[in-house]
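A quick write-up on the structure given underneath.
The values are calculated or read from the model by the stated rules, or taken from the named source; none is laboratory data. Fair warning: this is a prediction, and the values are worked out from it, not measured in the lab. Note that we place each Cβ from the backbone using ideal geometry, even for glycine, and neighbour counts take in every protein chain shown. Heavy atoms of the whole protein, side chains included, go into the accessibility calculation; ligands, DNA and RNA do not. Shrake-Rupley method; radii C 1.70, N 1.55, O 1.52, S 1.80 Å.
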Amino acid sequence: MHPAKSVIFFTTASGAGYGLLFLLIGGSMLEILPTDFWVLFSGYFLSFLLIVAGLLSSTFHLGHPERAWRALTQWRSSWLSREGVMAIFTFAPTGLYALQALFFPEGQSGLMTLIGLIGLAACALTVYCTAMIYASLKPVHAWANGYVPVGYLLLSLTTGVILLNGLLAVSGFWSGLVAWLATLLLIFSFLWKLAYWRFLDGTKSISTPESATGLGEFGSVRLFEAPHTEANYLMKEMGFRIARKHSAKLRRIVIFAGFVLPFIVISLTFFMSGALAVIFASLAVLSAGVGIAAERWLFFAEARHTVGLYYGAGHA
Amino acid sequence: MTTLPKNPPKKKLGLVIDLDICVGCHACSVNCKEWNSGGHSAPLTDTDPYGADPTGVWFNRIHSFEVDNPVDGGRTVNFPKSCLHCDDAPCVTVCPTGASYKREEDGIVLVNADHCIGCKLCSWACPYGAREYDEDAGVMKKCTLCIDKIYNPNLPEESRVPACVSTCPVGARSFGDLGNPESDVSLLVASRGGYDLMPEQQCRPTNKYLPPRPKKLGGGKTDIQALTPVADTSAGVIARWVDKFLSA
Ligand code: SF4
Ligand code: SF4
Ligand code: SF4
């Protein structure tokens with residue numbers, strides 16, 4: 001599948017934004033975060049900024065962005081529509097909770113706890129809807145499986161906690177608990193990614209050139225002549241394929257930049273303080289940003305669509 | 001409405017494509033392009049049509065497949081493909097705007113170009129690659145089963161069939177109601193063992209394909225040997241010339 005930059009930016013940025021928002025609200029509810037106004041303000045500001053930037057970029061690749069509101073109408077059947085509805089709904093409880101946490105930190109009432117809980121669920125559901133857009137596409141074997149929603153939720157939380165860790169370190173409120181959570185989530189995400197790749201390398205779509213043409217009973221089927229001499233929309237959009245050696249290289253980049261380096265530098269912050277800890281925590285953010293964007297790129301580039309079977313692919 | 005019709009259409013208009021007699025002439029796709037360039041989803045935009053890298057929207061494309069079989073030598077099969085107007089059309093249910101819809105009255109799957117936001121998700125959801133995005137118009141396009149031809153009262157009765165069906169010089173394409181078991185197309189499908197493409201994708205396509213008829217083995221069998229290849233191109237010019245000379 002063709003990796004569109006706007007969609008990669010959208011899922012990476014808004015994923016991290018929802019992860020951070022989730023942790024800020026959850027952390028405040030459990031009273032494990034600093035109550036400093038500017039720390040919380042930058043945290044909420046950053047998370048909403050990432051979410052809004054992501055959502056806006058996702059409308060850039062539309063043919064008719066001015067009609068984007070129509071995408072909110074078909075939530076009964078479409079995960080894309082559900083995602084749009086959830087994304088907009090989520091602003092309400094999380095925004096209310098953020099205002100309360102920032103301006104009335106003393107007034108932690110039962111109602112606010114309820115709103116906070118709704119906000120937590122809404123963040124998770126929005127990310128889940130994003131994942132289900134992909135996981136519900138049966139023709140793409142690499143996406144239509146249980147690994148995908150788990151991965152989106154896990155990576156959203158992991159990038160969120162790496163951001164939170166960076167934010168706390170920069171503002172002088174480094175927290176061992178958050179750093180510890182970050183390393184733990186990095187391990188889980190890394191293991192999940194390895195499991196996903198293992199799955200991907202070991203299976204193929206049940207559809208084959210034989211089932212695509214229905215000619216299997218006459219022998220093995222391969223494309224003789226494409227319908228046309230030039231690449232068409234289908235081949236550019238769905239037939240995008242990455243060379244094996246490139247994907248191996250990119251996987252190494254994902255492993256190193258996305259998981260190993262952030263894990264090492266965050267672990268090292270346990271043993272240092274001052275400027276060095278700030279630098280290391282920020283390095284984790286940058287590295288994870290690059291690594292997870294590469295992960296998203298590969299998520300598209302490695303996915304094969306059944307339409308390839310009509311254009312010479314041996315499997316999908 | 002993006003959900004599928006509540007009452008599954010009783011009438012299911014669709015095509016039956018006979019792979020035994022299709023000669024792969026591309027006439028149906030050319031006439032499809034011609035009719036639809038002025039029809040319901042017009043225009044079918046081409047970019048760089050006379051240049052080095054022409055590309056554009058087509059609703060019907062003709063593939064050719066080689067089917068390898070050591071027993072009878074296999075065969076080449078021409079394979080036209082357009083939207084199959086599926087019963088469980090995933091392209092319809094994924095559409096966030098309701099622009100993609102399936103008609104209750106005849107099962108035809110269409111795109112409302114005034115509502116489509118061009119998110120392309122429906123083209124990802126179709127396992128068959130039957131939807132093509134129009135970069136120029138910013139909306140998705142697809143086979144309409146010539147909705148503006150088959151119901152057109154200005155045309156003579158016999159012309160009210162899809163453009164591809166009117167034009168096929170060998171009669172490899174039939175059009176009719178596949179929801180009615182007594183219709184000509186349904187009887188044809190039953191008698192020839194018509195089948196669905198990729199049934200495992202569970203879209204329940206309306207269009208059916210008729211398989212090539214079995215080869216007649218035995219009778220006309222000759223002892224013609226398959227050609228043996230001359231030296232491959234990696235050999236030098238002289239070596240190839242010598243090889244040709246010696247094997248003459
Ligand atoms: S062939 Fe593709 S575009 Fe046509 S109805 Fe089926 S899923 Fe939709
Ligand atoms: S491209 Fe248009 S028709 Fe297709 S899913 Fe998006 S809005 Fe619906
Ligand atoms: S016009 Fe008829 S014979 Fe020619 S490609 Fe189309 S279906 Fe085949």
(request) Evaluate the following for B:G73: is it assigned to a loop (DSSP other than H, G, I, E, B), within 14 Å of chain A (Cβ to nearest Cβ) and within 23 Å of A:L62 (Cα to Cα)? (result) no
(request) Within the range A:27-61, work out how many residues are assigned to a helix (DSSP H, G or I) and either of a type in the set (S, T, N, Q) or modelled with pLDDT under 90 (or both). (result) 7
(request) Please verify whether the range B:158-167 includes one or more residues that are facing chain A (nearest Cβ under 8 Å) and crowded, with 24+ Cβ neighbours inside 10 Å. (result) no
(request) Working only within the range B:20-43, note down all residues that are part of a loop (DSSP other than H, G, I, E, B) and either open to solvent by less than 10 Å² (accessible area, probe 1.4 Å) or within 16 Å of ligand 1 (Cβ to nearest atom) (or both). (result) B:H40, B:S41
(request) Scan (1) touching a strand residue (DSSP E or B) at 6+ places or on another chain (Cβ under 8 Å); (2) within 16 Å of ligand 1 (Cβ to nearest atom); (3) open to solvent by 10 Å² or more (accessible area, probe 1.4 Å); (4) within 14 Å of chain A (Cβ to nearest Cβ) for the single condition B:D136 breaks and write down its number. (result) (2)
(message) Taking the conditions exactly as written (within 19 Å of B:T206 (Cβ to Cβ) and within 7 Å of chain A (Cβ to nearest Cβ)), does B:G129 satisfy them or not?
(response) yes
(message) B:L155 - would you say it is aliphatic (A, V, I, L, M), at positive phi and either more than 10 Å from every other protein chain (Cβ to nearest Cβ) or part of a strand (DSSP E or B) (or both)?
(response) no
(message) With the structure loaded, tell me whether A:V254 is open to solvent by 40 Å² or more (accessible area, probe 1.4 Å), touching a residue at least 12 places away in the same chain (Cβ under 8 Å) and away from chain B (no Cβ under 12 Å) or whether it fails that test.
(response) no
(request) Check off (1) part of a strand (DSSP E or B); (2) surrounded by fewer than 23 Cβ atoms within 10 Å (Cβ to Cβ) for B:G98 and give me the number that stays unchecked. (result) (1)
(message) Return the pair list, or none, for Cβ contacts closer than 8 Å from residues in the range B:64-93 that are within 19 Å of A:S78 (Cα to Cα) to residues that are of a type in the set (V, I, T) and open to solvent by 30 Å² or more (accessible area, probe 1.4 Å), at least 6 apart or on different chains.
(response) B:V92/B:T3; B:T93/B:T3
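So that you can scan it fast, the table gives a plain yes or no per residue for (1) within 16 Å of ligand 2 (Cβ to nearest atom); (2) in contact with a Cys (Cβ under 8 Å, 6 or more places away or on another chain); (3) part of a loop (DSSP other than H, G, I, E, B):
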position: B:G107; (1), (2), (3): no, no, yes
position: B:L110; (1), (2), (3): yes, no, no
position: B:W124; (1), (2), (3): yes, no, no
position: B:P169; (1), (2), (3): no, yes, yes
(message) Given the criteria hydrophobic (A, V, I, L, M, F, W, C), within 24 Å of the chain's Cα centre (by Cα) and at pLDDT 95 or above, does A:A142 qualify?
(response) yes
(request) Find the residue count for the range B:76-95, including only residues that are more than 9 Å from ligand 1 (Cβ to nearest atom) and either over 16 Å from the mean Cα position of the chain (by Cα) or not in a strand (DSSP E or B) (or both). (result) 4
(request) Out of the residues in the range A:182-222 that are more than 14 Å from every other protein chain (Cβ to nearest Cβ), of a type outside the set (F, W, Y) and open to solvent by 60 Å² or more (accessible area, probe 1.4 Å), state the one that is nearest to A:V278 (Cα to Cα). (result) A:L184
(request) Please state which one of B:R103, B:R131 is within 12 Å of ligand 1 (Cβ to nearest atom), modelled with pLDDT of 95 or more, closer than 25 Å to B:F175 by Cβ and open to solvent by 10 Å² or more (accessible area, probe 1.4 Å). (result) B:R103
(request) May I ask you to say which residue of B:I62, B:I17 is within 11 Å of another protein chain (Cβ to nearest Cβ), within 11 Å of ligand 3 (Cβ to nearest atom), more than 22 Å from A:E230 (Cα to Cα) and not in a helix (DSSP H, G or I)? (result) B:I17
(request) Identify all residues within the range B:44-60 that are in contact (Cβ under 8 Å) with a residue 24 or more places away in the chain and either over 11 Å from the mean Cα position of the chain (by Cα) or open to solvent by less than 20 Å² (accessible area, probe 1.4 Å) (or both); write none if there are none. (result) B:L44, B:T45, B:T47, B:V57, B:F59, B:N60
(message) Please determine whether any residue of the range A:83-104 is surrounded by fewer than 23 Cβ atoms within 10 Å (Cβ to Cβ), within 30 Å of A:A301 (Cβ to Cβ) and of a type in the set (A, V, I, L, M, F, W, C).
(response) yes
(message) Looking only at the range B:172-187, count every residue that is part of a loop (DSSP other than H, G, I, E, B) and of a type in the set (D, E, K, R) and tell me the total.
(response) 1
(message) Take B:A190 and tell me if it is assigned to a loop (DSSP other than H, G, I, E, B) and small (G, A, S).
(response) no
